[in-house]
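The values are calculated or read from the model by the stated rules, or taken from the named source; none is laboratory data. Only a predicted model underlies this, so the values are computations on that prediction, with no experimental measurement involved. Glycine also receives a Cβ, built like all others from the backbone with ideal geometry; neighbour counts cover every protein chain displayed. The area values use the complete protein model at the heavy-atom level, side chains included, leaving out ligands, DNA and RNA. Shrake-Rupley method; radii C 1.70, N 1.55, O 1.52, S 1.80 Å.
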Amino acid sequence: MERRDKINYYLDIAQTVSERGTCLRRNFGAIIVKNDQIISTGYNGAPRGRQNCSDVGFCTRDKLNIPRGERYELCRSVHAEANAIIAAARPDMLDATLYLVCVDPKTREVVPGVNSCSMCKRLIINAGISTVIIRNTPEEFTTVNVESWIENDDSMSGAFGY
């Protein structure tokens with residue numbers, strides 16, 4: 001029997017965490033790992049005590065035909081990365097790796113080519129996480145050096161005419 005490689009092992013766990021997601025559009029699972037120890041986990045869902053999209057039966061962004069990656073302020077969910085960061089102590093996140101998986105809730109298939117939104121990127125940077133590994137297929141993944149998000153600051157993309 002061939003042993004599962006470590007990266008896909010952690011991505012498998014993040015994918016299992018995504019099964020707790022309550023979003024009707026996309027279910028994300030995130031885990032933060034440091035020194036081969038899982039520090040925390042997170043999935044996307046409404047803040048504690050509020051109704052989830054899966055409870056109310058609709059997604060506001062879907063109802064308004066908002067494209068993927070836009071108008072996150074209308075989303076009921078706290079993102080998986082944010083929930084994992086909220087659940088961890090900052091010293092445990094310094095130089096840690098965040099593993100991220102997105103699953104389509106209708107098909108249960110992995111959604112390739114995803115990335116953290118701009119707000120989650122900011123949280124990841126401030127948490128001191130050094131690497132994000134994102135699943136593209138059950139075996140393939142993309143590794144992101146968080147330093148590249150600092151060097152290529154997407155918040156300076158001309159939105160204010162600078």
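Miscellaneous remarks
- Here the Karplus relation 6.51 cos²θ - 1.76 cosθ + 1.60, evaluated at θ = phi - 60°, turns the backbone of region 97-108 into coupling constants of 10, 9, 9, 10, 9, 10, 10, 6, x, 7, 9, 6 Hz, with x for every Gly and Pro.
- The trypsin sites (Lys or Arg not before Pro) of region 1-36 that meet both conditions, a loop assignment by DSSP and at most 12 other Cβ atoms within 10 Å of the site Cβ, are ARG3, ARG4.
- Vicinal HN-Hα couplings computed from phi for region 85-93 (Karplus, 6.51 cos²θ - 1.76 cosθ + 1.60; Hz; Gly/Pro x): 5, 4, 7, 10, 7, 4, x, 6, 8
- Dipole of region 1-109 computed with +1 at Lys/Arg Cβ and -1 at Asp/Glu Cβ about the Cα centre; of ASN65, ILE13, ILE86, farthest Cα towards the positive end is ASN65.
- Here the dipole of region 34-162 is about 620 debye; that uses its Cα centre as origin and unit charges on the Cβ of Lys and Arg (positive) and Asp and Glu (negative).
- Correct choice for Rg/Rh (Cα atoms, Kirkwood Rh) that was computed from the model, options (i) 1.12; (ii) 0.97; (iii) 1.02: (ii)
- Expressed as a whole percent, the accessible area of region 11-72 that falls on carbon and sulfur atoms is 42 (1.4 Å probe).
- By accessible area with a 1.4 Å probe, ligands and nucleic acids excluded, highest first: order of THR131, THR143: THR143, THR131
- Heavy-atom accessible area per residue - region 1-126, 1.4 Å, Å²: 58 Å²
- Region 85-142 and region 1-47 have Cα centres lying 8 Å from one another.
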